[in-house]
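Asker: I am attaching a structure below and will ask some questions about it afterwards.
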Amino acid sequence: MKIVGTAIIANDERKILIGQRPEGKALAGLWEFPGGKQEEGESIEACLVREIKEELEVDCEVGCFLLSVSKEYAHGEFKLMVYETKVKDLAPLKAVVHQELRWVNVNELDDYEFPEADGEIIAYLKSHF
């Protein structure tokens, strides 16, 4: 099972950052929350800091653990560890690995197509955010 650090990043307007998965990757074209796979020997917090730096070219601070979601796909079994994450400077965000980045209200998340596992995250955000 692969462990995935998943970041919920909100701006001052309480909009949440989502990115569209790139073509040529598993689940291409679907939207997701930033983050990525934990490397061997790496804490989940260190994983999130590294992944956010790689994906958005910004530094972040990992906050509260929110929930975990496990899901099996054709390309493997994944456990998403979801954390509230604060980005130190929102201005320079770049879509380094995503096709596109968007800031959306929680009630707009249903307008985007996400991988199945993210449905539990969206339900959590709707009831807690």
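The values are calculated or read from the model by the stated rules, or taken from the named source; none is laboratory data. The shown structure was predicted, so the numbers you read here are calculated from the model rather than taken from an experiment. Because the Cβ atoms are built from the backbone with ideal geometry, glycine has one as well, and the counts that use them run over all protein chains shown.
Asker: Restricting to segment 19-68, name every residue that is basic (Lys, Arg) and either free of Cβ contacts under 8 Å to residues at least 24 places away in the same chain or closer than 10 Å to residue 5 by Cα (or both). Can you show your working first?
Answerer: From segment 19-68, those basic (Lys, Arg) are 21, 25, 37, 50, 53; that's our starting set.
The answer is 25, 37, 50, 53.
Asker: I'd like the residue in segment 115-129 that is of a type outside the set (A, V, I, L, M) and touching a helix residue (DSSP H, G or I) at 6+ places or on another chain (Cβ under 7 Å) and, out of all such residues, is surrounded by the most Cβ atoms within 10 Å (Cβ to Cβ).
Answerer: My answer is 129.
Asker: Here is a check on your reading of the model: is residue 39 surrounded by 16 or more Cβ atoms within 10 Å (Cβ to Cβ), acidic (Asp, Glu) and at pLDDT 95 or above?
Answerer: Details: surrounded by 16 or more Cβ atoms within 10 Å (Cβ to Cβ): no; acidic (Asp, Glu): yes; at pLDDT 95 or above: yes.
Considered against the rule, which asks whether it is surrounded by 16 or more Cβ atoms within 10 Å (Cβ to Cβ), acidic (Asp, Glu) and at pLDDT 95 or above, residue 39 comes out as no.
Asker: Filter segment 69-87 down to residues that are out of contact with any Asp or Glu (no Cβ under 6 Å at 6 or more places or on another chain) and at pLDDT 95 or above and give me whichever is farthest from residue 6 (Cα to Cα).
Answerer: 70
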